[in-house]
1. Hey, any hits in the range 125-132 for a residue that's exposed (fewer than 13 other Cβ atoms within 10 Å of the Cβ) and over 30 Å from R305 (Cβ atoms)?
2. Taking the residues in the range 92-124 that are under 32 Å from the mean Cα position of the chain (by Cα) and of a type in the set (G, A, S) as candidates, determine which candidate is surrounded by the most Cβ atoms within 10 Å (Cβ to Cβ).
3. Do any residues in the range 79-103 that are farther than 19 Å from I121 by Cα and assigned by TED's automatic domain parsing to the domain that holds P38 have Cβ atoms under 9 Å from those of residues that are modelled with pLDDT under 95 and outside any helix (DSSP H, G or I), where the two are at least six apart or on different chains, and which pairs are they?
4. What residue, among those in the range 308-341 that are modelled with pLDDT of 95 or more and closer than 21 Å to G371 by Cα, is nearest to the chain's Cα centre (by Cα)?
5. Could you give me the residue pairs with C-beta distances under 8 Å whose first residue belongs to the range 245-262 and is in a strand (DSSP E or B), whose second residue is at pLDDT below 85 wherever it lies, and which are 6+ apart or on separate chains?
6. Please indicate, with yes or no, whether at least one residue in the range 130-153 is within 30 Å of T23 (Cβ to Cβ) and under 25 Å from the mean Cα position of the chain (by Cα).
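The values are calculated or read from the model by the stated rules, or taken from the named source; none is laboratory data. Quick caveat, the model's predicted, so the values are computed rather than measured. Reconstructed Cβ throughout: ideal geometry from the backbone, glycine too, with neighbour counts over all protein chains shown.
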Amino acid sequence: MTGGRSGEVGWAAVATDFSALWTELDRALTSIESVTDPEAKQAEIAELEKEVARPDLWDDQENAQRVTSRLSSLQGDVERVSKLRSRLDDVQVLVELAESEGDADSLAEAETEFANLRKAIDSLEVRTLLSGEYDQRDALVTIRSEAGGVDAADFAAMLLRMYLRWAERHHYGAEVYDTSYAEEAGIKSATFTVKAPYAYGTLSVEQGTHRLVRISPFDNQGRRQTSFAGVEVLPVTEQADHIDIPEADIRIDVFRSSGPGGQSVNTTDSAVRITHLPTGIVVSCQNEKSQLQNKAAALQVLQSRLLERARKEREAELNALKGDGGNSWGAQMRSYVLHPYQMVKDLRTNYETSNPDAVFDGEIDDFLDAGVRWRRTEEAAV
């Protein structure tokens, strides 16, 4: 009897812990629901579904793209919140049954689910902070090697792999438009897109200068080397952006695509370089099979850069009116130290980890979440 009573006390203690945890997550999810307003979104979804059902929808392709894109985005937002609410309710039932039956395995399963729910709700909470004009869009990312010679080129290649692995981990689409290889190792630059809801809003906090400190694998004396790489993140343009680029304002050059070491990977002049004469912006694309495809991709990159240029000009005008010198989160923002100790640290948020291998393998969600929260705090302060 004594042993049985002891067991009952143990289950009661566990139940109290689970109850508090459920209450905490329920409060967080309820807060998200109040911000995202699923009921209002459902009403808008119903109206958009009526528009999508119209047989003449695609007579106006620009409007059709806007309607279908908005519908897909809203449906995804509502589904994410709904699924989390359902999972939270289900785990509460699981705990109640497990405690009543003294089922330790089911309680362990519930504990794992609570941990997963906490991570998912935290991530969704961060998404509610992404309310910028272009935050919902796909992201166009460019990485460039900076100071540090061959180590910087190698570092740029490491960052490229890091972001592509991050996209792969989340099952996001990613497409590399252009890669300029360095002579000895690594890359001079690379441009790619990440196709996912809120990709721009999420990755925009990666913009700035990244610094790597390590024993250089390219130094025969084994000396420590500091190198730098720059990351630029832009929103992908849509038809509704109406960026007019007159033919007279651009110069188009074609050349042969090439891979590492200058080896030709294409025997025709299919790669395209576009120079925007009024601004001096130069973009190129060589990863598609045809010159026409490369031209279309390069024009999209150019449009994104012109869109961002226009956004920054508007922002500068507003900052001038407010007496604000501009944002402060675009310079050096993260250090990756591999020697004499192991650490990756964000210099804005102070978030850090002692596992750089995991970071370079694409585990950067915690850095992204911290960056989004930090930026929102900075914007609120201004």
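1. Here is the first cut: in the range 125-132, the residues exposed (fewer than 13 other Cβ atoms within 10 Å of the Cβ) are 131.
This time we only want the ones that are over 30 Å from R305 (Cβ atoms), so: none.
There is no residue in the range 125-132 that is exposed (fewer than 13 other Cβ atoms within 10 Å of the Cβ) and over 30 Å from R305 (Cβ atoms).
2. Here the residue is A110.
3. L97/D103
4. By that ranking, first place goes to R334.
5. Cβ pairs passing all conditions: V254/D269; V254/S270; F255/D269; S258/S264; S258/V265; S258/N266.
6. Within the range 130-153, the subset within 30 Å of T23 (Cβ to Cβ) is 130-131.
Still in the running and under 25 Å from the mean Cα position of the chain (by Cα): 130-131.
Yes.
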